[in-house]
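The values are calculated or read from the model by the stated rules, or taken from the named source; none is laboratory data. Keep in mind it's a predicted model, so treat the numbers as computed, not measured. Cβ: placed from backbone, ideal geometry, glycine included. Neighbour counts: every protein chain shown. The area values use the complete protein model at the heavy-atom level, side chains included, leaving out ligands, DNA and RNA. Shrake-Rupley method; radii C 1.70, N 1.55, O 1.52, S 1.80 Å.
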Amino acid sequence: MVKFISGEDVLAIRNEVLREGRLQLHECVFPGDDLPGAFHLGYFREEKLVGVVSFHPQIYKAYAGRGYQLRGMATLPAYQGKGLGTQLVNFATVYLKGQGVNYMWCNARKVAVSFYQNSGFEVISDEFQIAGIGPHYVMYLKIQ
Ligand SMILES: CC(C)(COP(=O)(O)OP(=O)(O)OC[C@H]1O[C@@H](n2cnc3c(N)ncnc32)[C@H](O)[C@@H]1OP(=O)(O)O)[C@@H](O)C(=O)NCCC(=O)NCCS
């Protein structure tokens with residue numbers, strides 16, 4: 001089940017899945033986590049939080065309309081590949097459509113490109129590197 005959660009609630013899974021548990025929780029906060037309009041979603045399996053994603057209001061370059069950046073998409077390893085991440089993205093898409101938002105975008109890890117493509121995102125950039133993490137592409141999903 002998908003629920004809205006706080007910016008603090010996402011930090012432990014962000015650290016474990018996206019930073020290999022190397023950081024302190026406060027170092028896993030992203031600028032924008034507390035922006036007005038930002039929100040965080042969690043996937044719960046039997047009351048255990050097992051997947052997270054965050055959304056910040058943020059246009060992409062000159063793309064027209066209201067945009068949100070998807071950030072910190074992470075499912076605990078034991079729960080990956082079971083459709084939970086897709087449900088988180090689908091929930092956000094329906095919610096943002098209701099809010100009148102036009103599109104979402106993200107900096108997708110190369111290994112996660114097929115995951116986003118399965119949810120309808122398309123690649124809109126050349127490959128680029130994020131220091132310490134690896135190759136990425138900007139990906140875009142039109143909502144309305
Ligand atoms: C990418 C990730 C968020 C997807 O979440 P999920 O709950 O596993 O997603 P789903 O089960 O809905 O979708 C699975 C699809 O994601 C893709 N995928 C990418 N990495 C994967 C992984 N490590 N395990 C399973 N699927 C993965 C596959 O295309 C898979 O599709 P398939 O089952 O048809 O092969 C999750 O695997 C994860 O946390 N990976 C490590 C962190 C990461 O790379 N985050 C994205 C940062 S941009």
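Here are the numbers for this structure:
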{"quantity": "Largest to smallest accessible area among Asp33, Asp9 [probe 1.4 Å]", "calculated": "Asp9, Asp33"}
{"quantity": "Computed lengthening from Ala62 to Arg22, 0.36 nm per intervening residue step minus Cα-Cα distance", "calculated": "10.9 nm"}
{"quantity": "Where Phe4, Phe128, Phe39 fall by accessible area, highest first, once all protein chains stay in place (1.4 Å)", "calculated": "Phe4, Phe128, Phe39"}
{"quantity": "Under 9 Å, Cβ to Cβ, from Phe30 - net charge with Lys/Arg +1 and Asp/Glu -1", "calculated": "+1"}
{"quantity": "Rounded if a/c under 1.5, otherwise prolate or oblate - region 21-94, Cα gyration tensor axes", "calculated": "oblate"}
{"quantity": "Solvent-accessible area per residue for the chain (1.4 angstrom probe, square angstrom)", "calculated": "54"}
{"quantity": "Global geometry of the chain, whether rounded, prolate or oblate, following the gyration tensor of its Cα atoms and the 1.5 cut on a/c", "calculated": "rounded"}
{"quantity": "Region 1-28 versus region 49-90: alpha-carbon centroid distance in Å", "calculated": "13"}
{"quantity": "Over region 22-144, relative contact order from alpha-carbon pairs under 8 Å, at least 6 apart, %", "calculated": "18"}
{"quantity": "Rounded percent of accessible protein surface that carbon and sulfur make up, the chain, 1.4 Å probe", "calculated": "50"}
{"quantity": "Gyration tensor verdict on region 7-50 (Cα atoms; rounded if a/c is under 1.5, prolate if a/b is larger than b/c, oblate otherwise)", "calculated": "oblate"}
{"quantity": "Solvent accessible area, Å² - Ser114, 1.4 Å probe, full protein context", "calculated": "70"}
{"quantity": "Value at 222 nm in deg cm²/dmol, rounded to 500, when DSSP H runs of n ≥ 4 in the chain each add -39,500 (n - 2.57)", "calculated": "-4500 deg cm²/dmol"}
